[in-house]
Amino acid sequence: MLAGDTVEIRVFCTRGTQCAVNVLHWQAGPPAGNGIPMELFADTLSTKIAPRYIALIPTTAKYNGVGARKINPLPITLEYLTAQGAGPGTVVGEALPGQIAGLISRRTNVAGKSARGRLYVPWPTEGDNTPDGLPSAQYGNRVALLSDDLLAPITIVGGADQQTFYPTVWSRKLRQGNVVTKMVLPLRWATQRRRGSFGAPNISPV
């Protein structure tokens, strides 16, 4: 990939008839050698974040993998799908209602809503819900591990080639990305209605 190329990553997790999708964006830094192909970046990222998602979802749910496509500069490429690291959740216990989600807020050094983003982490369980109806400290610790992985740049080496990818918040209107500088964990439950019992069934493409 070339410096400045932006990759859109879709993370897929499923439970029952619902597929939760987290959308992330990464910008390629200057390449050494020929740079790193988008497919290798996607495989590497999926392998890295899979254990984090698996540790947050119940045994009745699954981390499926990711889809990746280059969205900038145009034209947009076909989506590459990878199931690297795929597997069932490891959290024992009943899941909370499907629309309930953990929350990670992504911040940049640029003001305005277009330079901020939210990540709705799917499928928390009853055991991670306190009597006050808030995420437990243990859940917060596991979300923090995912947050750390999504904040840190990823450097990939492939033979004589090397390239670093930086997490960004992508503005579709401005067609530009701003590098994520901080993740905020409110330790409150958020909601995604489309994941609830009345949401239309959907299938993971991975």
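The values are calculated or read from the model by the stated rules, or taken from the named source; none is laboratory data. Quantities reported herein were computed from a predicted structural model and do not represent experimental measurements. Note that each Cβ is placed from the backbone with ideal geometry, even for glycine, and that neighbours are counted across all protein chains shown.
Being part of a strand (DSSP E or B) and of a type in the set (Val, Ile, Thr) is the filter; apply it to the range 32-77 and report the residue that is farthest from residue 155 (Cα to Cα). Among those that are part of a strand (DSSP E or B) and of a type in the set (Val, Ile, Thr), it is 71. Only a single criterion out of (1) of a type outside the set (A, V, I, L, M); (2) under 30 Å from residue 133 (Cα atoms); (3) buried (at least 20 other Cβ atoms within 10 Å of the Cβ); (4) out of contact with any Lys or Arg (no Cβ under 9 Å at 6 or more places or on another chain) is not satisfied by residue 17, namely (3).
When the range 49-71 is filtered for residues that are without any contact (Cβ under 8 Å) to a residue 40 or more places away in the chain and within 12 Å of residue 82 (Cβ to Cβ), only 50 remains. Scanning the range 105-125 turns up at least one residue that is among the charged types (D, E, K, R), within 18 Å of residue 24 (Cα to Cα) and free of Cβ contacts under 8 Å to residues at least 24 places away in the same chain.
Checked against the criterion of being surrounded by 17 or more Cβ atoms within 10 Å (Cβ to Cβ), over 30 Å from residue 134 (Cα atoms) and touching a Leu at 6+ places or on another chain (Cβ under 6 Å), the candidates 35, 67 yield just one match: 67. Candidates in the range 63-104 are the residues that are polar (S, T, N, Q) and modelled with pLDDT of 95 or more; of these, the one that is farthest from residue 6 (Cα to Cα) is 90.
If only one of 170, 189 is buried (at least 17 other Cβ atoms within 10 Å of the Cβ), modelled with pLDDT under 95 and either within 23 Å of residue 73 (Cα to Cα) or aromatic (Phe, Trp, Tyr) (or both), which one is it? Give the steps one after another, and end with the answer.
On the way: 189 fails: modelled with pLDDT under 95.
Residue meeting the stated conditions: 170.
Name the residue that is nearest to residue 77 (Cα to Cα), counting only residues in the range 38-57 that are of a type in the set (Ser, Thr, Tyr) and surrounded by fewer than 21 Cβ atoms within 10 Å (Cβ to Cβ).
Step one: list which residues in the range 38-57 are of a type in the set (Ser, Thr, Tyr), which gives 44, 46-47, 53.
Now restrict to residues that are surrounded by fewer than 21 Cβ atoms within 10 Å (Cβ to Cβ): 44, 47.
Numbers: 44: 19, 47: 22 Å.
Restricting to residues being of a type in the set (Ser, Thr, Tyr) and surrounded by fewer than 21 Cβ atoms within 10 Å (Cβ to Cβ), the top hit is 44.
In the range 128-142, the count of residues that are within 23 Å of residue 116 (Cβ to Cβ), among the acidic types (Asp, Glu) and free of Cβ contacts under 8 Å to residues at least 60 places away in the same chain is zero.
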